[in-house]
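For reference, the structure discussed in these notes is given below.
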Amino acid sequence: MPCFSLTSLLLVAEEAAAAAETAESTGLLNMDRLPLLGVAVFFVVAVVFWISVARSGGEINVREIAGLKAIEEAVGRATEMGRSVLFVPGIQDVSEIQTIAGITVLSKVAKTAAEYDAKVEVPVARTLVMVTARETVQEAFLAAGRPDAYNEDLIYYVTDEQFGYVAYLSGMMVREKPAACIYMGCFYAESLILAETGNSIGAIQVAGTAMPAQLPFFVAACDYTLIGEEFYAASAYLSESPAELGSLKGQDLAKVLAFGLIGLGALLATATQFVPSLQGAFDFFTGTLLG
Amino acid sequence: MTIDPNSINVILATDCGSTTTKSVFIERQPDGTFRQTQRGEAPTTVEEPFADVTIGVINAVTEIGEVAGRKLVDEDGRIIQPAGTDADGNPVGCDIYISTSSAGGGLQMMVGGVVKQMTAESAKRAALGAGAIVMDTIAANDGRKPHEQIQRIRELRPDMILLSGGTDGGDEKKVTEIAERIAPARPQPRFGSKFVMPVIFAGNKDARGSVDNAFDESIDLQCVDNLRPTLEEENLGPARDAIHDMFLEHVMAQAPGYDKLMGWTSAPIMPTPGAVGNILTTIAERQGKNALAVDIGGATTDVFSVFDGVFNRTVSANLGMSYSISNVVAEAGLDNVLRWVHLEGMDERELRNRVKNKMIRPTTIPQSREALVFEQAVAREALRLAYVQHKEFATTLKGVQQQRTVGDTFSQKTSGTTIVDAMKLDLLVASGGVLSHAPRMSQTALMLVDAFEPEGFTTLAKDSIFMMPHLGVLASVHPQASEQVFTRDCLVVLGTCVAAAGDVKWGKPAFSWEMRGSQNAEGDLLGGQLKLVELTPGETATVTVKPARGIDLGAGPGNPVAHEVTGGSVGLILDARGRPIALPESRDEARDVVEGWYRELNIIDEGDA
């Protein structure tokens, strides 16, 4: 099961714990929060249902993600130009979900590079990320039938310091001119520095992050960008495993429900301005249903 | 050889096909224009017992000479050049003689590149554009192990190999590795034991030395400019020219009688498909049009297109109307073929039987109405599939850096998208037996519309006697004459198709139309309807269409558009069936709908079922 699903389940568990705490203080169940339980149950049932549908051979369509499709193109470009592919998994540790999502994409990049006999270089800012990345790339080369081509020296630790790391990457990009730069993970101020440097050396750039503040920089300076949820969906898209696809579909349904509730809330809030008698319904909606 | 176009009055052209050598005769008319006046044909004689292609050429030319009352062949069996008069004052000879050839299977090539979707694809495009059949594509990422690639090269018997790979200053290692796989494979040529395998290297210029070192004297290596000097640029010209040169020097020189034939021609002999591409490109350039031509044969279907000046050609090797018919039905599916059959009683079993019968007797032609309907249904699917393959191949370059703005956040288009745009298509040309020899012109027109689904305004035409190859090679000598004969004699204009794309709802208003000019008419069309309006050859009119909301006829959804259209043997076809054309799911309903379309276009008569 993908990490983002785990997070969601943790959140549900947290809610359940809060409910249990309330139950402990006031009784078996806090009936005021019952609608929230309904939402949680809906989410769990949706995920389980779609996983079972996927496992029984039902078709779950995930729309094409341009950034992931472009990975082959980026690696192909590096191969034709006789240069390397630079992969940057963000500046956070493996405890950060975005880093793990980035490592999932690294697996795809490494497998493609193994098939094309291209070189993938992964400088990292955290030692644990280095270990994880090495294992991932090694597995990918093995899966591609090219274990001999794996070189662990290409995945190395630089520094924990944010701008020390960025300075190294920028210098390396200018000196070695990789043909493709792929940024997948959690980024802060360094996003624009990296993307602009990559653009200036004529590299194909693919970025993916869930940091809303950095997305505009990546979109403007990179060739392809995985935006927020797309980045998390990459795992399901790449693996095509029924559990991940079903989980993705279930979460999408939960999001549709959330959008519906937001819309309904907005309508109610507007309506109460004209029909004061709806205030009770609005209070129930905001106070009870949304907790 | 440089020829002054003003001194050319009489042109003789031949196309040496695998079975038939076709000749055409073109003369300058008193008004100064060029017209095709005579044609002749004779069996090709490249195989034993004759083993001399010029015998068939002389036979075909003699036939023309007899009809034209002009002596074209002298007592020594040579074509008389230049044109003049004999002692009795009778006209003799021609000013130029030109020829194309696809005899003996045409030009068969193998291509190689580093990345299949990049340099290898460019190499394939260069080879196909030069008129070759691409037997296989070798690439570093083609999924085959080196020994499998060597085995494959060994099995093939190409006429020549085109090798590309690496941008200039880019990869050297992998392109050299591919050369090192070709060398030990020692590919054997089809013709002559003394034949030295020509290899054209159009890759990284820095790798020329290492590629040269990989080959010994059994390979004749010629290095030309890189097909992809950078990944943002594709330079096919030098490689195509080299293919033509090698074709003449190596392949043609080995084929029986071609050394003699080459001595007769005023311009280099071209591979037949290359010549077709040449005329299409010339016409598209001179008239500023986007054009698409199709040639459907027994075993293969060739599709040629020129969009925004970019020429592409594909050969669908297993889509044809005789030897490949079984494959067409297998690929398209029985349901897709049957949807075009309006006759009751023609079910899957009947279709299967007819397919297998055609496989047993591939060269038979339809003798009954049922056989004709069935064959035209299969042709629609063969053309549709060939068009799909063409669209997949005719793409923008892959591996190219994109320029983005924040506005692209939710619409990031990838490179490698097709350049074939049905809405931008101006001219659609048909050739090949099932299209050229359909009993009614409207059958050819509807087969084209159903298979290619043109959108907006598109002129439909067919190549009357498959003269495009002759005109293609003529275009290299006298483009003006070539264009004049192409538009006046080669093309039979079927009419113009005005088709709606977008959100067409069956039974709901699709667009209203108004025609003013040689003929005046107007009306409204509902979604799913097809209408034929009379507009005879030579007539022109301005057609104004006002589409319903969400429907596009060339000026964007819901926007009216006016366009000048030309008439033809069929007329003006107004198509409100939407794109892609979808039929009702019920077989009976679909049959009724298709029958209605056929009646509207006079494909079947009132009394026919």
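Around the Cα centre of region B:269-424, unit charges on the Cβ atoms of Lys, Arg, Asp and Glu (plus for the first two, minus for the last two) sum to a dipole of about 180 debye.
Against the main long axis of the alpha-carbon atoms of chain A, helix A:66-81 sits at an angle near 10°.
Mind jotting down the distance between the C-alpha centroids of region A:112-129 and region B:508-576, whole Å? Here the two parts' Cα centres lie 58 Å apart. A straight line joining the Cα centroids of region B:81-129 and region A:253-285 runs 74 Å. Computed over region A:66-239, the percent of Cα pairs more than 29 Å apart is 7.
Taking trypsin sites (Lys or Arg not before Pro) across region B:190-270, the ones in a DSSP loop with at most 10 further Cβ atoms lying within 10 angstrom of their Cβ are B:194. Whole-Hz Karplus values for region B:537-548 come out as x, x, 7, 10, 7, 9, 9, 10, 10, 10, x, 6 Hz, taken residue by residue from phi with 6.51 cos²θ - 1.76 cosθ + 1.60 and θ = phi - 60°; glycine and proline positions read x.
Return a single number: how many Lys pairs in region A:66-239, at a sequence separation of 8 or more or on separate chains, have alpha-carbon atoms below 15 angstrom apart.
So the count works out to 5.
Multiplying the sequence separation of residue A:163 and residue A:262 by 0.36 nm and subtracting their Cα-Cα distance, what value in nm do you get?
31.6 nm
Between the beta carbons of residue B:289 and residue B:363, assuming R0 = 45 Å, the FRET efficiency works out to 0.80 to the nearest 0.05.
Estimated at the nearest 10 Å², the accessible area of residue B:478 is 10 Å² with a 1.4 Å probe. Which one of A:213, A:143, A:157 is farthest out on the positive end of the charge dipole of region A:66-239, using unit charges on Cβ (Lys, Arg +1; Asp, Glu -1) and the Cα centre as origin? The residue sitting most towards the positive pole is A:143. Put simply, when B:429-440, B:377-388 are sorted by average Cβ atoms within 10 angstrom per residue, most first, you get B:377-388, B:429-440. Applying the Kirkwood pairwise sum to the alpha-carbon positions of chain B produces a hydrodynamic radius of 25.9 angstrom. Computed about its Cα centre, the charge dipole of the protein assembly as shown is approximately 500 debye, with only Lys, Arg, Asp and Glu carrying charge at their Cβ. Based on alpha-carbon atoms, the Kirkwood radius and the radius of gyration of chain A give Rg/Rh equal to 1.07. Rolling a 1.4 Å probe over the protein heavy atoms gives region B:5-103 an accessible area of 44 Å² per residue. Inverting the pair-averaged 1/r between distinct Cα atoms of region B:106-264 gives 15.3 Å as its Kirkwood hydrodynamic radius. Residues of region B:60-79 with an amide N closer than 20 Å to a point placed 7 Å from the Cα of residue B:248 along the Cα-to-Cβ direction: B:79.
The residue among B:11, B:67, B:44 whose Cα reaches farthest toward the positive pole of the charge dipole of region B:5-103, with charges on the beta-carbon of Lys, Arg, Asp and Glu, is B:11. Work out the P(r) tail for region B:303-345: percent of alpha carbon pairs separated by more than 18 Å, whole number. Value for region B:303-345: 50 percent of Cα pairs lie more than 18 Å apart. Buried accessible surface for the B/A pair, both sides summed and rounded to the nearest 100, is 2200 Å² with a 1.4 Å probe.
For chain A, the longest principal axis of the C-alpha atoms and the axis of helix A:34-55 are separated by about 40°.
For region B:5-103, the extents of the C-alpha atoms along the principal axes are 43, 28, 21 Å, listed from largest to smallest.
Among the residues of B:392-405, the average count of other protein chain beta-carbon atoms within 10 Å of the residue beta-carbon is 4. Close amide H pairs (under 5 Å, H built 1.01 Å from N) link residue A:157 with A:124, residues at least 5 positions away or on another chain.
Extension gain, residue B:388-residue B:9: 0.36 nm per intervening residue step, less the Cα-Cα distance, totals 132.2 nm.
Within 11 Å, Cβ to Cβ, of residue B:592, how many net charges do the neighbouring residues add up to if Lys/Arg are +1 and Asp/Glu are -1?
Residues close to residue B:592 contribute a combined charge of -1.
Compactness check for the protein assembly as shown: Cα Rg over 2.2 N^0.38 Å is 1.12. Protection proxy ranking for A:66-76, B:116-126, using the average of other Cβ atoms within 10 Å per residue and placing the highest first: B:116-126, A:66-76.
Go ahead and estimate [θ] at 222 nm for the protein assembly as shown from helices alone: -39,500 (n - 2.57) per DSSP H run with n ≥ 4, summed, over the residue count, rounded to 500.
Calculated mean residue ellipticity at 222 nm is -13000 deg cm²/dmol.
Hull volume per residue, based on the alpha-carbon atoms of region B:47-189 and their convex hull, is 153 Å³.
Pairwise alpha-carbon distances in region B:542-584 exceed 14 Å for 56% of all pairs.
Here chain B is treated with +1 on each Lys and Arg Cβ and -1 on each Asp and Glu Cβ, and its dipole about the Cα centre works out to around 1100 debye.
Spatial offset of region B:130-181 relative to region A:149-212 amounts to 34 Å, using the alpha carbon center of each. What is the angle, in °, between the Cα long axis of helix A:3-26 and the longest principal axis of the Cα atoms in chain A? Nearest 10 is fine, range 0 to 90. For A:3-26 against chain A, the angle is about 30 degrees. For chain B, averaging the sequence separation of C-alpha pairs within contact (under 8 Å, six or more residues apart) and dividing by the residue count gives a relative contact order of 10 percent.
Counted over region B:475-584 with a bin width of 10 Å, the fraction of Cα pairs per bin, in whole percents, is 15, 39, 27, 14, 5, 0.
The values are calculated or read from the model by the stated rules, or taken from the named source; none is laboratory data. None of the values given here were measured: they were computed from a predicted structure. Neighbour counts run over all protein chains shown; Cβ positions are idealised from the backbone, glycine included. When the accessible area is computed, the model is the full protein with side chains, heavy atoms only, and any ligands, DNA or RNA have been set aside. Shrake-Rupley method; radii C 1.70, N 1.55, O 1.52, S 1.80 Å.
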